[in-house]
Amino acid sequence: MGGLFLIILALLALLLVILYNSLIRLKVRVKTAWSQIDVQLKRRHDLIPNLVETVRGYATHEREALENVTRARSQAVNATDIKEKAQAENLLTGTLRSLFALSENYPALKANQNFLNLQEELTTTENKIAFARQYYNDEVMRFNTAIQTVPQSFIAQIFNFEEAYFFEIKDPHGKDVPIVKF
Amino acid sequence: MPFSFIDIEAKQSRKIILFFFTLVFFYFIGFILIYSAFGLAIFIESWRSGHLWHETQSVLPSLQIILALLITSFLAAFIHWIFSIRNMINRILSVIRAKPIDPEDRYHLLFKNIINEVSVATGGIKIEPYVVASRYLNAFALSDCHGRYIIGISEGLLIKMNRRQLEGVVAHEAGHLVWGDCLPATVSCSMAAVYAGLLRMGASGEERYNVSLPLPVLIAVFFMRFLTLLLNTWISREREIRADATSVRLTRDPLSLAEPLYLISRDWRGDFLPSDELAPIFIVNPIERQMEKSYGLLADLFTTHPPIRKRIDILLDMGHIDFKTFEPTVREKTKIQAEIPISIPEKEKVWYALNGKAWEGPFSLGELAMSRWLDPFTWITKEYDMQVKPAFEYIEINSLFKNGLSSDLFFLNCPSCKQDLERVYYEGVPIWKCKSCRGRLVRTDQLSRIIVREEMTFPLNIKEEVKQMKLLSLKQKGRYVKESPSIVECPSCGNIMNRTFYKALLPYHMEVDICQFCSLFWLDQKELEIIQYLTQRII
């Protein structure tokens with residue numbers, strides 16, 4: 001009788017270990033996914049100075065747009081917490097979009113090899129940022145689901161696993177894309 | 001109720017786990033049959049020859065035998081499941097004729113970028129891009145148990161799709177990789193091969209094999225082959241649907257896969273395959289002749305891919321569109337060309353370098369390469385750039401160091417008129433062009449790629465010239481006379497180039513110069529266009 005009790009206890013302990021490990025694994029995946037976004041964001045920050053200089057060489061009168069981009073970039077680089085980061089990156093995307101819209105007026109710029117390379121690099125980096133965000137949100141969904149469903153939820157409560165945050169972008173003005181005006 | 005891609009993925013995964021056990025089951029049945037067949041054969045033999053064994057050889061196996069066979073079939077299935085992974089990838093790649101990408105080619109660069117984007121979406125698996133230089137529309141994925149992942153695409157598909165559609169196709173292939181489908185796909189390559197080998201052995205029954213398999217065994221083996229074929233195709237179909245769902249999970253855009261599937265189904269998907277077993281790795285079965293219009297059972301039972309129409313319907317269901325609305329929109333969209341700049345400004349003089357105390361420049365990239373004092377830590381700045389960085393931080397200069405600062409690539413001269421050759425993009429491929437005589441230097445692999453891509457519309461004079469050539473060849477009178485002098489030196493190595501007929505267009509007696517050592521073609525003024533035009537007309 002005592003032996004049976006011990007066996008049941010051992011099985012329970014094993015179950016506890018398995019469930020705890022699965023939660024830890026999911027949590028680590030969430031963290032890794034977050035750092036992936038960071039990698040892509042940093043890459044975008046690094047590409048921008050080169051872009052600004054190339055455009056400046058051909059479109060010397062577009063000072064305002066170029067300065068907007070530079071300012072948005074330094075804001076994004078210096079942002080610390082998640083909310084600030086998300087907002088700064090959103091702003092940077094908007095200024096870049098305006099800049100590329102403006103460059104349509106300068107055919108010499110569009111034929112420049114460097115500019116085209118940069119445009120392709122930035123496009124692919126923007127896509128990678130979007131995909132990295134998507135992957136991060138998927139992992140967060142998995143983790144949050146796991147800590148709320150029944151067997152693991154007890155373990156989550158015991159060990160204080162907290163819900164992770166989705167990478168959301170909430171524009172305070174309610175508008176997504178800045179309007180390009182000439 | 002439309003399928004959600006999450007549900008499909010989960011359902012398909014459960015099915016596929018079931019399949020491994022089905023394989024074990026089939027092996028078990030097979031072994032039982034073979035055992036019984038042997039028993040029966042021996043029994044018949046002994047009965048015929050009049051000998052009766054004292055211990056009656058039972059035809060049906062005992063319990064211990066059954067257990068032993070079960071374990072053996074598990075082992076056999078397991079070994080089979082991982083068997084043909086060794087080196088399969090390189091063999092398959094060479095059979096399909098896939099080559100690694102050319103990083104200077106604009107389309108290949110686009111493909112590489114798309115692969116990197118999709119790999120970020122999967123969480124970061126490292127995928128190698130490969131391209132097949134042919135006009136058919138198809139894509140494939142391969143992986144092995146050493147963690148090597150490959151996605152390949154044909155030139156035809158690469159050129160005809162826009163970015164979004166390419167993402168859909170690549171995401172589908174990445175889906176195969178993520179689920180580890182490619183491993184069993186290579187197994188299925190060897191599956192029938194094993195039984196085919198056995199069959200060959202049994203059918204010949206020659207002295208050299210020393211063993212002539214009795215008829216019941218042959219039947220058992222046939223049966224096994226049939227069953228494994230069914231199983232293979234079943235697995236393959238379920239995997240394709242799951243990969244479609246994964247593509248939507250990665251791109252969140254069902255139409256990005258529906259459109260390419262539709263376009264592929266109406267075009268040439270490559271109807272040659274060295275072996276049937278290779279079909280599962282492609283996105284669309286190359287051997288199928290027409291887009292399936294029905295869901296008929298018998299036809300579907302033996303195909304490796306579900307009918308394309310069925311796949312498109314599932315995707316359109318997710319996108320809440322019906323086929324009638326979808327179809328005209330696809331026809332309207334034109335492909336988006338990768339941006340094709342005209343010149344490569346390696347000749348642009350925009351580089352300044354700090355030599356000791358003094359700034360020198362402006363240099364072009366070639367001149368910078370020539371300077372003896374350049375090392376990875378030299379301070380360099382570019383015109384318009386406010387920053388000053390050490391040389392190794394510039395991608396272009398870094399590649400110079402990697403190539404050993406060889407100036408060969410930058411100072412090539414035209415063989416006819418001795419002027420500098422300029423690098424330009426032609427159909428997305430970087431080649432050398434002479435400004436004065438407009439002759440072109442093309443690598444052999446680049447030429448096959450150029451022919452496959454048909455972006456250009458050809459001017460009238462080319463068409464006229466080709467007409468003349470055709471008339472001449474028909475009358476077998478003259479042949480195309482080259483304009484450049486008869487002795488042409490290779491710009492790269494200096495050896496005399498070989499003047500020979502262009503093999504693929506032999507009936508037209510088209511003369512070209514080729515340097516065998518460097519694999520370079522020298523083509524005069526109009527020859528490149530003529531070759532392209534002729535080849536396309538032939539196809």
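The values are calculated or read from the model by the stated rules, or taken from the named source; none is laboratory data. No experiment lies behind these values; they were computed from the predicted model shown. Every residue, glycine as well, gets a Cβ built from its backbone with ideal geometry; the counts of neighbours run over all protein chains shown. Only protein heavy atoms, including side chains, enter the accessible area calculation; ligands, DNA and RNA are left aside. Shrake-Rupley method; radii C 1.70, N 1.55, O 1.52, S 1.80 Å.
A 21 angstrom limit on the alpha carbon distance is what I want to check against. Which of B:Lys160/B:Lys435; B:Lys435/B:Lys526; B:Lys99/B:Lys160; B:Lys99/B:Lys526; A:Lys128/B:Lys160; B:Lys418/B:Lys467 exceed it?
On the way: B:Lys160/B:Lys435 31 Å; B:Lys435/B:Lys526 13 Å; B:Lys99/B:Lys160 19 Å; B:Lys99/B:Lys526 28 Å; A:Lys128/B:Lys160 23 Å; B:Lys418/B:Lys467 32 Å.
Check vs 21 Å cut-off fails for B:Lys160/B:Lys435; B:Lys99/B:Lys526; A:Lys128/B:Lys160; B:Lys418/B:Lys467.
Protein chains only, probe 1.4 Å: how do B:Lys526, B:Lys160 rank by accessible area, largest first? If you can, show how the numbers build up before the last one.
Working: B:Lys526 50, B:Lys160 80 Å².
So the residues, ranked largest to smallest area, are B:Lys160, B:Lys526.
Can you give the local net charge around B:His108? Use residues other than it whose beta-carbon is closer than 11 angstrom to its beta-carbon, Lys and Arg +1, Asp and Glu -1.
Numbers: positive: B:Lys99, B:Arg106, B:Lys112, B:Arg449; negative: B:Asp102, B:Glu104, B:Asp105, B:Glu155.
Here the charged neighbours net out to 0.
Could you work out, residue by residue across B:106-117, how many beta carbons of other chains sit within 10 Å of that residue's beta carbon, and then give the average as an integer?
On the way: counts 3, 0, 0, 3, 3, 0, 1, 7, 2, 0, 5, 11.
Mean partner shielding for this stretch: 3.
Once the Cβ-Cβ distance between B:Trp268 and B:Thr444 is put in as r, and R0 is 22 Å, what FRET efficiency do you end up with, to the nearest 0.05?
Numbers: r = 24 Å, r/R0 = 1.09.
After rounding to 0.05, the efficiency reads 0.40.
With springs only between Cα atoms under 10 Å, which of A:Gln157, A:Gln119, A:Gln40 fluctuates most in a Gaussian network model of chain A?
Maximum fluctuation in the GNM of chain A, among the listed residues, is at A:Gln157.
Helix A:2-58 sits at what angle to the longest principal axis of chain A, using alpha carbons and giving 0 to 90 degrees rounded to 10?
Around 0 degrees separate the two axes.
With the contact rule set at Cα under 8 Å and sequence spacing of 6 or more, what percent relative contact order holds for region A:5-139?
Values: 82 pairs, mean separation 50.4, N = 135.
For region A:5-139, the relative contact order is 37 percent.
Could you give the angle, 0 to 90 degrees to the nearest 10, between helix A:63-78's Cα long axis and the longest principal axis of the Cα atoms of chain A?
Helix A:63-78 sits roughly 20 degrees off the main axis of chain A.
Going by average Cβ density within 10 Å per residue, which order do the peptides B:93-101, B:114-122, A:5-13 take, highest to lowest?
Highest to lowest by the protection proxy: B:114-122, B:93-101, A:5-13.
Sort A:109-117, B:238-246, A:97-105 for me by packing, meaning the mean count of neighbouring Cβ atoms within 10 Å per residue, highest on top.
Numbers: A:109-117: 18.8, B:238-246: 24.9, A:97-105: 15.9.
Descending mean neighbour count gives B:238-246, A:109-117, A:97-105.
Can you tell me the 0 to 90 degree angle between the C-alpha axis of helix A:113-148 and the longest principal axis of chain A, rounded to 10?
20
Provide a whole-number value for the mean count of partner chain Cβ atoms within 10 Å of the Cβ atoms in peptide A:49-58.
Values: counts 3, 4, 0, 3, 6, 3, 1, 3, 4, 1.
For peptide A:49-58, the averaged partner shielding equals 3.
Once the other residues with Cβ under 10 Å from the Cβ of B:Asn413 are scored (Lys, Arg +1; Asp, Glu -1), what is the net sum? Walk me through the numbers before you get to the answer.
Numbers: positive: B:Lys418; negative: B:Asp420, B:Glu489.
Taking every Cβ under 10 Å from that of B:Asn413, the sum is -1.
Need one word for chain A: rounded, prolate or oblate. Basis is the Cα gyration tensor (sqrt eigenvalues a ≥ b ≥ c); a/c below 1.5 gives rounded, then a/b vs b/c decides. If you can, show how the numbers build up before the last one.
Details: a/c = 4.38, a/b = 3.25, b/c = 1.34.
The shape class here is prolate.
Note down the nm distance, to one decimal, between modelled labels 7 Å out along Cα→Cβ at B:Lys324 and at B:Phe392.
Modelled inter-label distance: 6.6 nm.
Taking the Cα-to-Cβ direction at B:Ile496 and at A:Arg142 and moving 7 Å from each Cα, how far apart do the two end points lie in nm?
Inter-label distance under the simple model: 6.6 nm.
Work through the residues other than A:Ile24 whose Cβ is under 14 Å from its Cβ and net out their charges, Lys, Arg +1 and Asp, Glu -1.
Working: positive: A:Arg25, A:Lys27, A:Arg29, A:Lys31, A:Arg142; negative: A:Glu139, A:Glu162.
Residues near A:Ile24 contribute +3 overall.
Report the accessible surface area buried between chains A and B, summing both sides, using a 1.4 Å probe on protein heavy atoms only, in Å² rounded to the nearest 100. Walk me through the intermediate numbers first.
On the way: alone 12090 and 28210 Å², together 38130 Å².
The summed interface area works out to 2200 Å².
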